[in-house]
1. Kindly indicate whether any position in segment 34-49 is at pLDDT 90 or above and touching a Ser or Thr at 6+ places or on another chain (Cβ under 8 Å).
2. List, please: which pairs have Cβ atoms under 8 Å, are six or more places apart or on different chains, and start with a residue in segment 50-66 that is in contact (Cβ under 8 Å) with a residue 12 or more places away in the chain and surrounded by 12 or more Cβ atoms within 10 Å (Cβ to Cβ) and end with one that is among the hydroxyl-bearing types (Ser, Thr, Tyr) and not in a helix (DSSP H, G or I)?
3. Residues of segment 22-45 being hydroxyl-bearing (Ser, Thr, Tyr) and surrounded by fewer than 10 Cβ atoms within 10 Å (Cβ to Cβ), which ones?
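The values are calculated or read from the model by the stated rules, or taken from the named source; none is laboratory data. Predicted model, so just to flag it, every value in this text is computed and none were measured. Cβ coordinates were reconstructed from backbone atoms using ideal geometry, including for glycine residues, and neighbour counts include every protein chain displayed.
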Amino acid sequence: MRTSHPSDPGPEPELHAALAALEAARQRLDYDAGADQAARERYYEGVDQSDGPALYRELSELLERTTLGSLRQLYFDVDDAA
């Protein structure tokens with residue numbers, strides 16, 4: 001009778017793939033504070049944060065350019081496909 005190690009997936013390829021994915025996830029860095037800070041600086045670059053109404057307008061425009069416009073296009077594409 002063969003005795004196997006608990007990490008030995010044996011002949012089951014799905015189990016082997018799941019164990020490999022688990023090991024990769026264990027080694028992955030979940031949060032990189034430096035990369036997050038750099039991404040925030042790039043995203044908000046050029047936004048004037050000194051004045052309330054101007055800040056609101058600039059953030060609204062930034063959101064429109066980077067997020068809302070993309071969502072609207074997605075919804076138009078889905079509606080056209082239906």
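1. The answer is yes, given that some residue of segment 34-49 is at pLDDT 90 or above and touching a Ser or Thr at 6+ places or on another chain (Cβ under 8 Å).
2. Short answer, once both residue conditions are applied: 62/44.
3. Result: 31, single match.
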